Every structure is written in structure tokens, then in C-alpha cells.
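Working notes for the structure below.
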Amino acid sequence: MSKPWVHTFIVVVAALGFTANLAAVPVDFVHEVRPIFERHCYECHGEKKQKSGLRLDVKEMAMKGGDNVGPNIIPGKAQESSLIHLITSNDEDEVMPPKGRLSAAEIDTLARWVNEGAIWPDGVDRVKLADKRDHWSFKPLNIPAGRHSIDSFIDASLGKNGLRRSPPVGAAQWLRRVTLNLTGLPPTPEEVGAFLRQPGPDYAAAVERLLASPRYGERWAQHWLDVVRYADTHGFEVNTERPNAWPYRDYVIRAFNEDKPYDRFIREQIVGDAMGEDAATGFLVTASVLLPGQIGKDEPSKRLARQDALDEIVNNISQTFLGLSVGCARCHDHKFDPVTARDYYAMQAFVAGVEYGDRPLRSKEAETARQKAASLKQKLALIDRELTRFIPSAKSGAVRPMINARENVDRFAPTVAKRLRFTIRQTNKLEPCLDELEVFTPAGDNIALASAGATVTSSGDMVTADRHELKHLNDGEYGNSRSWMGNESGRGWVMVELARAETIERISWGRDRLGKFTDRLATDYLVEIADETGEWRAVADSTDRQKFDPQATKPATFTTAGLSREEAKQASALMNERRPLEANLKTTEQDQLVFAGKFRAPDEIRLLSRGDPEQPGESVVPAVLGAFGTLTLPATTPEQQRRQALAE
């Protein structure tokens, strides 16, 4: 049986080979090429539909090409033009048109036309591209003469339908409505009575009183927080808490109550870190985001996650401040509004140095909290140093408390250490878990903290996003949701590398200082230290304690058992003094962090094909949407200056 495509192939080879062009007259676009496009291509690549972003009824768009393989037409090079490849392909999954092949003569005409330079005369297109900026949403309101209020528009629309507004309500009902509207609360009986007792109700004064109420900001900030998608959690499947997101919420409430000018309100939310409103940049990271434990370890997964994070920031900015979605331009030019893929990635470049995360809050209140925390820590350190006199040292032969899930202290003779290793040889159940490993000097300073320059390593980690991660071992926060978990059942080790060799005398560790979990507890362990020579030496282990009893579930507390009456009295007094200080410190430290974006050197932003990070194109510099301005910044512009320019 003969195969029609064989004849087609022979004809096309002749046309593409540059050696046998039988046509003496150049191909005419209007009379020969366009009719082919009309018969076979416009249905999918015309005015109403542009599959793969390819449009063939307008010269400008046809020469630009589609999303994936543009340009599709390369003048003078039919062999390299995907248009010709697709109409001659033998692959049923890619051949165009998908239903009914072009004839050999039609293919020959198109191939010769491309080789002759793809001549497409100007002014012959039957349709013109609409100006995407000519859209009602980009035009100012046309207010008819004499109409200067919202009521006039409402009245006009009601009138068209033969309707009119309800008559005005009485004074008491008006006060109820306006109070609910401005504060979210009904007026009190006393407020209603005072309002009605006036000779003539002062409506303006009532509104001013309500606007001056703190409840006004709390009520109306809710609407703004909805717009920017604010939440106290991260979103997605795990939806873990964002405990330090609240400063942005409070900033918005304060901005409403202060009647902050809108232009400044915009600037502060994009670059408040340069304007004395550090918490305001919480706006940039209000959207949901994948956490480290939800992202694959391979580089493509990391690149995709970064793109998703930047996408949320760009969408937040455009939707909030422009009332315009630019998200679809991540993959292709918008069809109906003037937003191109280049616009999208140029917007990305403004925020390419922003990352989701907590950072120290720079404010007068936070600085005051830091000073208070330092004072509280100093007081606690003095108490703890005194309490260590009542904790038996390892290997002393004295009876020590049984291991418990909340907190355990191992004290030993003061010794110089550069590293400390905590090896778990057995647990009461499953993989081991530690919420914090603290290493103290004789002065009571915890030098194992990451903020003190210490680093941690482990035998292996079982990661759950923002819950079980190695970094939580020395982040200064307690509880199961801020802990390290090993990846081997019943065993594992963690090591703290101190910033420098220092004298230490005790460690403190726990499974869950908040007392909610008791499984995964190290019941057989070894504590070793090494100085700068690197030689390890054991200083404590689980044999120093009472034998572990799995039935003893009562929360562990400091015990005066075994102490003399006078020692017990002294220790109890110290513990009574310590408890309120510790609670106060926890609250004070929470006031020093803000989930408002971390800022670093910007990533290089490239125009991605179909939004795929694995198909990067040319580099893109920061620039505003092309339809609305010409601001463009050099690629060398520092991170904060990019956001400042965008805000302006």
C-alpha cells in the first residue's frame, strides 16, 4: 500500500533543499499563504483561540511565535522553522493540524514562502490587535456632572429599575448601624441614651468618637488582613504555627488607628525596614509557603519551591496594590490585559532577595524587650548557679533524680571543652527526640545556643517541616514542635561545637520541656567532651541516676530529697524565686522576633519557559509593568534599594 506522506516528504525535501525551486514567481502571502492558514490553522491559532500561545492571523504575533518553541517562523530557514517541522512530522502526537494533513502542494507553498524570507506585507491583516490598556479597569471613573457621591451612583442604578432607597432610620437605629460598622460592636445602653438626650443628635461627633476608638483599627484591619491573606499559620498540609507573625497584624491595626496616609502605608509594607516600621514588611510573606521539610532534597525541587515562594510575593503585591493579578504571566503573556511574562519576572526581580522566615525585630519595644530579657537571664543564671550546689555531681556516688521527659541536668567537675557529644544508646520508645541541649559555664551562660555561635551536627535526622529539625536543638525554644528527632529507632547522637573552648560544668536536656510528650526519651545515654586536642572523655552517663521506671509518669520537678533541712529550705526559696522569672523571660523573648521576611543578596532572575525553573531563558532586571511605566533598575542594584524603588 502506498503511503501519502512519502510523496509529501519528497516534495518538502525538494523545497527545503535550496537546489530545486521550480517556482519562478515568489510566493504571495495574501493569495497563497493566508488561505492555507485560514483553512487549517485559525481554528486553534486565530483570534478566539491561541493554543500554545501561537497566533497566525496577525503578523506581529505570528513572527513572535508560541510559548514553547517561538519563533515558529524563521525567515530564510524553512529547515529550522518549527512551523514547517510540525506540518511535515510523521509523529501522530505532534503533527499539525492534528486532524487532516496539509496537501503536498500546501506544504510546498509554506516551505518556499519561509525560504524566500517569509514576506508578510504590512497592513494586510484582517484583524488588528486590541490595545490591552484600553480596558475599563484601567480607566478613571467617568462621573457625570453634579454627581459627587456614592449615593448618586446608587440612586441612578436603583432608578433604572424603578426602585429607590429606603427612608432614613431613626437616631437610635443609626447609632447602632454606624457603631457596628466602625467598631464591630453594638453601642452600649449608656451611649444610646446620651446620644438620644442631645437636643439634636450630633452625627458627626458620634462618628469622630468611634473613629478615635481602638476598636476601630481592630475592626477595619481585618479587611486589610483578608486582602493580603494574613494568617498565624504557614498553610499547606502541615499548617504549622507562625508564632511571630502577630507584629504585622498589630502594625496594621495601629496604622488604621493612626489614620496613616495610604501612600506611606504602601511604602512601609514593602520597605518598612528602612522607614522605622520593621514589622510592616510582614506583608511580603503573609502568603502560604512550603517549609524545608516539605521540599525535596534535590536541586530541581528546591528551585521550584523558590519560584513558588517568589510567585506568592509578586501576586500579593499586584493583587493588593494594583488590584491586578499577574500570576498567569509566570507561564505566558496574559491574553486580555497588558501583562507579559517579561513583566512578571521583572516584578520578581524587585523581591528576589526576600525569604520567608523569622528575624530579630528592630523596634524600640523589641530593644526594650531584649534589655529586659538580658536582665532576666542574668538573674536566672545566678539562681541556677546557686541551685547547682544542690544537684549531685556525676560519679559522686550520691543518689540523683531519675531520667524524666521534661528536664534533666548532668553536673560534672568544671572542665574546658570545645565540643560536647550526647550519645543515646536506648530510648523508651521509637527514635530519640530532644527539644533542647544546653551547655552551661560556671557563670550560668548557655553557650550551646546558635545565637552564641555554636553549631550542631547529628548521626541523622528525621525531619518534619518546622517541627523536628536539627536547628531546633539549640535555638533556645522548648517543646516537641521545636525539637530534633533522630532517624534510627532507639539510638543516635548529637554534637555541639562551641564557638571557642570554654570551661563548662553542666548540661541540661529534655524530651519536651512543655510536658506534653514522654515517648522517644533517652533512657540510656553518655555525655562526652573534647577540648581543642580532639580527644573525647566521658563526664556523665545514665548510670549516675536512679534506674528508669517507665511507670513513673509524674512530671519531674526539682526535688529536695536527700538534702538537709537547711539545704532544702535554701533550694526551695531559690525555686520559688526562679519560676516567675522563667515565665517572664519566655514572654519577653517572644516579643523580639518577627515573621516579616529575611533579606539577602537577590537571586538572578531569568525568564522561564512555561514557568519551568529547569528551562531558564535570558536574565531579567527589576522593572515595573511595561504598560504602566518605564522604571528599570540595573542588575547590580542592592536588595533594599530594589524594594524602595518598587514602593515609590
TODO: Tell me which residues, restricted to segment 584-627, are open to solvent by 70 Å² or more (accessible area, probe 1.4 Å), in contact (Cβ under 8 Å) with a residue 12 or more places away in the chain and part of a loop (DSSP other than H, G, I, E, B).
DONE: Arg600, Ala601, Glu604, Glu614
Open item on the list: If a residue must be more than 23 Å from Arg610 (Cβ to Cβ) and either in contact with a strand residue (DSSP E or B) (Cβ under 6 Å, 6 or more places away or on another chain) or open to solvent by less than 70 Å² (accessible area, probe 1.4 Å) (or both), how many such residues does segment 37-56 contain?
Closed with: 3
TODO: Those residues that are touching a Gly at 6+ places or on another chain (Cβ under 7 Å) and in a loop (DSSP other than H, G, I, E, B), I need them from segment 101-137; list them, please.
DONE: Gly117
- [ ] For Gly276, state whether it is modelled with pLDDT under 95, under 22 Å from Glu477 (Cβ atoms) and not aliphatic (A, V, I, L, M).
- [x] no
Task: Complete set of residues in segment 628-645 that are open to solvent by less than 30 Å² (accessible area, probe 1.4 Å) and hydrophobic (A, V, I, L, M, F, W, C) - done: Leu633, Ala645
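Let's see how each residue does on (1) free of Cβ contacts under 8 Å to residues at least 24 places away in the same chain; (2) under 29 Å from Gln592 (Cβ atoms); (3) open to solvent by 30 Å² or more (accessible area, probe 1.4 Å); (4) not in a strand (DSSP E or B):
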residue	(1), (2), (3), (4)
Arg370	no, yes, yes, yes
Leu376	no, yes, no, yes
Leu382	no, yes, yes, yes
Leu387	no, yes, no, yes
Pro401	no, no, yes, yes
Phe412	no, no, no, no
Ala417	no, yes, no, no
Arg421	no, no, yes, no
Gln426	no, no, yes, no
Open item on the list: Of all residues being in a helix (DSSP H, G or I) and under 13 Å from Phe236 (Cβ atoms) in segment 285-302, which is most open to solvent (accessible area, probe 1.4 Å)? Just the residue, please.
Closed with: Pro292
- [ ] Name every residue in segment 248-259 that is within 20 Å of Glu312 (Cβ to Cβ) and open to solvent by 10 Å² or more (accessible area, probe 1.4 Å), in order of residue number.
- [x] Arg249
- [ ] Please work out if Gly282 is small (Gly, Ala, Ser), in a helix (DSSP H, G or I), in contact with a strand residue (DSSP E or B) (Cβ under 8 Å, 6 or more places away or on another chain) and surrounded by fewer than 18 Cβ atoms within 10 Å (Cβ to Cβ).
- [x] no
Task: Residue count for segment 331-359, restricted to those that are in contact with an Asp or Glu (Cβ under 6 Å, 6 or more places away or on another chain), at pLDDT below 95 and not hydrophobic (A, V, I, L, M, F, W, C) - done: 2
Open item on the list: Please determine whether any residue of segment 160-175 is loosely packed, with under 13 Cβ neighbours inside 10 Å, farther than 30 Å from Lys260 by Cβ and under 43 Å from the mean Cα position of the chain (by Cα).
Closed with: no
- [ ] Pull up segment 444-469, narrow it to residues that are open to solvent by 50 Å² or more (accessible area, probe 1.4 Å) and of a type outside the set (Val, Ile, Thr), then point me to the one that is nearest to Ala413 (Cα to Cα).
- [x] Asp445
Task: Filtered residue count, segment 77-106, keeping only those that are open to solvent by less than 80 Å² (accessible area, probe 1.4 Å) and more than 15 Å from His31 (Cα to Cα) - done: 18
TODO: Could you tell me whether segment 264-276 includes any residue that is free of Cβ contacts under 8 Å to residues at least 40 places away in the same chain, crowded, with 16+ Cβ neighbours inside 10 Å and farther than 27 Å from Glu365 by Cα?
DONE: no
TODO: For residues that are of a type in the set (Asp, Glu) and over 31 Å from the mean Cα position of the chain (by Cα), scanning just segment 498-540, find the one that is nearest to Val409 (Cα to Cα).
DONE: Glu505
- [ ] Give me a count of the residues in segment 470-525 that are open to solvent by 20 Å² or more (accessible area, probe 1.4 Å) and either of a type in the set (Val, Ile, Thr) or in contact with a helix residue (DSSP H, G or I) (Cβ under 8 Å, 6 or more places away or on another chain) (or both).
- [x] 13
Task: Sole residue being polar (S, T, N, Q), within 23 Å of Leu376 (Cα to Cα) and not in a strand (DSSP E or B), chosen from Ser451, Ser508 - done: Ser451
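The values are calculated or read from the model by the stated rules, or taken from the named source; none is laboratory data. Here the structure is a predicted model, which is why all the values come from computation and not from measurement. No Cβ is skipped: glycine too gets one built from the backbone with ideal geometry, and neighbour counts run over all protein chains shown. SASA here: full protein model, heavy atoms, side chains in, ligands and nucleic acids out. Shrake-Rupley method; radii C 1.70, N 1.55, O 1.52, S 1.80 Å.
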